[in-house]
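Asker: Right, I'll just put the structure down here and ask away after.
Readers should treat all values here as calculations from the given coordinates under stated rules, not as data from a laboratory. Bear in mind that the values here come from a model prediction, so they are computed numbers and not experimental data. FYI the Cβ positions are ideal-geometry reconstructions off the backbone, even for glycines, and counts take in every protein chain you see.
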Amino acid sequence: MNYYFRMKLIKQGYHEEKKSKFYSYLYRLNSFNEYKEVLEIIKKKHKKANHHCFAVICNNETKLSNDSEVGSPGRIINDYLVMEKLNNHILIVSRIFGGVKLGQGGVARAFRKAIENLKE
């Protein structure tokens, strides 16, 4: 049987900051609406996550979400996609809260670290 995989996991990463766990995933997409499927996959994988922040750039459409997290992580994620010239991609960072508030600056740094730790 031939299976056509529309979206593909390219890289993933992990960062821990003061007991909070940050999981990052970079997927390649073929169409903009595939981001919803990828987001559901990640939400099922990390059911305990308090936030699933993301940015998607596909076919000149852009969407980003902070998912009620402080520190504008959606913008940070989007900036990474733009800087790396990644069109047709979604980057999601899921945070499992560890009980210690990081503040806006700490959250922003932790999201950047989770992105920096992306590996194939």
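Asker: In the stretch 88-100, is there at least one residue being without any contact (Cβ under 8 Å) to a residue 40 or more places away in the chain and not aromatic (Phe, Trp, Tyr)? Write out each step before concluding.
Answerer: Of all residues in the stretch 88-100, those without any contact (Cβ under 8 Å) to a residue 40 or more places away in the chain come to none.
No: the stretch 88-100 contains no residue that is without any contact (Cβ under 8 Å) to a residue 40 or more places away in the chain and not aromatic (Phe, Trp, Tyr).
Asker: Another question, then. Within the stretch 38-49, can you find the residues that are in a helix (DSSP H, G or I) and within 15 Å of Ser65 (Cβ to Cβ)? Break it down into steps so the answer makes sense when it comes.
Answerer: Pass one, the stretch 38-49, residues in a helix (DSSP H, G or I): 38-45.
Within the stretch 38-49, Val38, Leu39, Glu40, Ile42, Lys43 qualify.
Asker: While we're on this one: When the residues of the stretch 56-78 are filtered to those that are within 22 Å of Met7 (Cα to Cα) and touching a Lys or Arg at 6+ places or on another chain (Cβ under 7 Å), which remaining residue is surrounded by the fewest Cβ atoms within 10 Å (Cβ to Cβ)?
Answerer: Per the stated criteria, the residue is Leu64.
Asker: Of the numbered conditions (1) over 11 Å from the mean Cα position of the chain (by Cα); (2) within 12 Å of Phe22 (Cβ to Cβ), Cys53 fails exactly one; give the number of that condition.
Answerer: It fails just one condition, (1).
Asker: Among the residues of the stretch 1-35, how many are farther than 19 Å from Glu69 by Cβ and outside any strand (DSSP E or B)?
Answerer: 13
Asker: Okay, moving on. Can you spot a residue in the stretch 53-66 that is within 13 Å of Ile115 (Cβ to Cβ) and of a type in the set (Val, Ile, Thr)? Before the answer, list the steps.
Answerer: Let us first name the residues in the stretch 53-66 that are within 13 Å of Ile115 (Cβ to Cβ), namely 53-55.
When the remaining residues are screened for being of a type in the set (Val, Ile, Thr), the result is none.
Taking every residue of the stretch 53-66 in turn, none turns out to be within 13 Å of Ile115 (Cβ to Cβ) and of a type in the set (Val, Ile, Thr).
Asker: Something else: Which of the following residues is within 15 Å of Met7 (Cα to Cα) and in contact with a strand residue (DSSP E or B) (Cβ under 8 Å, 6 or more places away or on another chain): Leu102, Leu81, Leu39? I'd like the intermediate steps shown before the answer.
Answerer: Values: Leu102 fails: within 15 Å of Met7 (Cα to Cα); Leu81 fails: within 15 Å of Met7 (Cα to Cα).
Unique residue meeting the criteria: Leu39.
Asker: Another question, then. What number of residues within the stretch 81-103 are surrounded by fewer than 20 Cβ atoms within 10 Å (Cβ to Cβ) and over 19 Å from Glu16 (Cβ atoms)?
Answerer: Looking only at that region, the number is 7.
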